[in-house]
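Below: one structure, written as structure tokens.
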Amino acid sequence: MISIPVSLIDRDDLSLLERSLLPLIIRHGFIWGAQPKALSASFLAELLRHSSREVVEALDALVVKKILKIAREKTADGVMILYRLEPITPHQNTPENLLVATQYTDSNYYLNLSNETFEELHAYALEVCDREGLRREIFDDFNFHQRSQNRRSFDWCAEFERWIRREVSSNAPAIANASSLEENKPSTQEFEMAQYFIRRLVSIDPQFEEPFDVMSWAKQIQLLIETGGYSLLDVKAGIDWLFSAKGDWFRPNVPDAYHLRKHFKRLISHTRSFRDGTTRLPDGVNIFDIIGRE
């Protein structure tokens, strides 16, 4: 049997995933007669059957809320970031602690990057690697290093460019081979989706000038799928909504494929909330649970 502090149960600022993590951390982190053990995000992700990225974001949010704390452990593969429960104190919610939590949420620190900022950085990094003919794994090295150090920067895109220059100058195997470059090219389906988007733009503006390099538009579709986790059907649904009567008001904000990727999260939220003119509840939400609360 495990015991969960009442102060954690009564908190109303926790998401469903954050609430799911707490009993697992208490269950696997506290062993009778031993010091509390720090757990890895990948271990917790396997138990919850969620992606590591979602779990890391929830764990970092719990760190910001002063419920967890980060522990770093050196291994043969490098520095691992682990999480353990903060000691519960009677004065945990004092103004001094709240001030510390507010200072920790500085978005300039790498561990505090929002999901949107990280996606934009990831897409930018892959775009730079493909343009310069470099290995895409360079971003994985950059991401691992910055997470282990949790450094502060006002421009992470510039930091990645500095990282690339250092990798190239250090004679590291940064240059991608021909097979890797071929694999990273947009697929036929992604190229056709870019052409589909162009045809829709032409249909509403006869004076629209088709892009000379359609491949660059297909590259944006590819990045949208790879970094955003969307499918080709999602992309088509977002494009169709944009050119429907419901999305007419937002269409001027998406003149090309780059802005399609930039605003796609907003577009897909409309297509997933309203389909065929009927309201659709998010996955996992029961209408009877909502009615019962009223």
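Order 236-244, 216-224, 184-192 from most to least packed using the mean count of other Cβ atoms within 10 Å.
216-224, 236-244, 184-192
What FRET efficiency would be calculated for the residue pair E137, A245, taking the C-beta separation as r and a Förster radius of 45 Å, to the nearest 0.05?
The calculated FRET efficiency here is 0.50.
In whole Å, what are the Cα extents of the range 234-276 along the three principal axes, biggest one first?
Here the spans come out as 27, 18, 14 Å, largest first.
So, R0 is 25 Å and r is the distance between the beta-carbons of T75 and R27; what FRET efficiency does that work out to, to 0.05?
Given R0 = 25 Å and the Cβ-Cβ separation, E is 0.60.
What is the distance, in nm, between label points placed 7 Å from the Cα along the Cα-to-Cβ direction at Y258 and at E226?
That separation, rounded to one decimal, is 1.8 nm.
Full-extension gain between K236 and S216, please, as 0.36 nm times their residue separation minus the C-alpha to C-alpha distance.
Gain on stretching K236 to S216: 5.4 nm.
Compute the length gained on full extension between R199 and S3: take 0.36 nm times their separation in residues and subtract their Cα-Cα distance, giving the result in nm to one decimal.
Computed gain between R199 and S3 is 64.6 nm.
Every read-out reported here was derived from the displayed coordinates using simple, explicitly stated rules and does not represent laboratory data. Just so it is clear, the structure is predicted and the values come from calculations on it, not from any experiment. Methodologically, a virtual Cβ is constructed for each residue, glycine included, from the backbone with ideal geometry; neighbour enumeration extends over all protein chains shown.
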